[in-house]
Ligand code: C5P
């Protein structure tokens with residue numbers, strides 16, 4: 001049996017990041033949160049003073065930006081997630097990020113990657129694919145709690161509207177839209193605790209190892 005690559009995809013605030021991190025710890029494999037790459041590009045576009053919809057500027061930035069220049073915490077906010085989904089719809093941005101994601105996945109000990117298109121585009125050969133979902137209301141409630149913990153004030157209604165808009169943009173784009181790969185296992189976490197979701201995810205991966 002060859003290397004284990006685990007692809008974890010799903011919409012915003014579905015719990016995929018937590019699950020991917022827990023799977024990486026369980027199997028002692030490196031983990032890449034690919035959403036952070038899109039967030040870094042968005043941040044770099046804004047910091048350079050460009051309009052977030054400027055695809056030419058974003059395409060130029062994606063080939064030169066320095067990943068070590070960003071503090072993860074500064075990328076987790078609400079606005080930057082929204083901006084990330086705008087640049088993520090640009091083909092030049094997506095294609096510019098493919099090689100580094102595939103290099104990460106190719107490590108000899110295997111890897112866990114989470115995002116929107118890991119199972120469909122980045123690692124179509126991944127041995128284990130999970131598509132993590134939850135209702136928009138459950139995701140909004142989780143994000144609300146997370147943002148409150150960061151001291152970012154936002155109403156539940158506002159966050160729910162953000163999530164619906166981001167879902168529509170991520171699912172509706174023509175390049176690598178958010179969707180489950182044909183061979184992904186769908187894990188709906190709406191009614192699960194984190195521990196229950198982790199146990200299910202491990203069982204799904206073990207069945208594919
Ligand atoms: O997962 P996260 O919320 O950090 O992702 C931010 C945005 O980056 C998403 O809304 C999506 O538009 C984009 N993204 C993507 N493909 C990935 C990961 C993230 O398009 N593999």
Inset, instruction - Please state which of the following conditions residue 52 fails to meet, knowing it meets all the rest: (1) without any contact (Cβ under 8 Å) to a residue 40 or more places away in the chain; (2) assigned to a helix (DSSP H, G or I); (3) within 13 Å of the ligand (Cβ to nearest atom). - result: (2)
Inset, instruction - Identify the single condition in (1) within 15 Å of the ligand (Cβ to nearest atom); (2) more than 13 Å from the chain's Cα centre (by Cα); (3) not in a helix (DSSP H, G or I) that residue 45 does not satisfy, given that it satisfies every other one. - result: (3)
Inset, instruction - For the stretch 114-127, name all the residues that are buried (at least 24 other Cβ atoms within 10 Å of the Cβ) and part of a helix (DSSP H, G or I). - result: 118, 119, 122
Inset, instruction - Answer yes or no as to whether residue 158 is closer than 18 Å to residue 80 by Cβ, in a helix (DSSP H, G or I), over 16 Å from the mean Cα position of the chain (by Cα) and away from the ligand (no atom under 16 Å from the Cβ). - result: yes
Inset, instruction - Give the residue, chosen from 2, 59, 15, that is touching a helix residue (DSSP H, G or I) at 6+ places or on another chain (Cβ under 9 Å) and either within 13 Å of the ligand (Cβ to nearest atom) or modelled with pLDDT under 95 (or both). - result: 15
Legend entry - Residue check for residue 76: farther than 29 Å from residue 203 by Cα and modelled with pLDDT under 95: yes
Legend entry - Count - residues of the stretch 103-113 that are surrounded by 13 or more Cβ atoms within 10 Å (Cβ to Cβ) and more than 10 Å from the ligand (Cβ to nearest atom): 6
Legend entry - Selection within the stretch 165-186 - outside any helix (DSSP H, G or I) and within 16 Å of the ligand (Cβ to nearest atom): 173, 174, 175, 176, 177, 178, 179, 180, 181, 184
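The values are calculated or read from the model by the stated rules, or taken from the named source; none is laboratory data. A quick note: this is a predicted structure, and the numbers were derived from the prediction, not measured. Note that each Cβ is placed from the backbone with ideal geometry, even for glycine, and that neighbours are counted across all protein chains shown.
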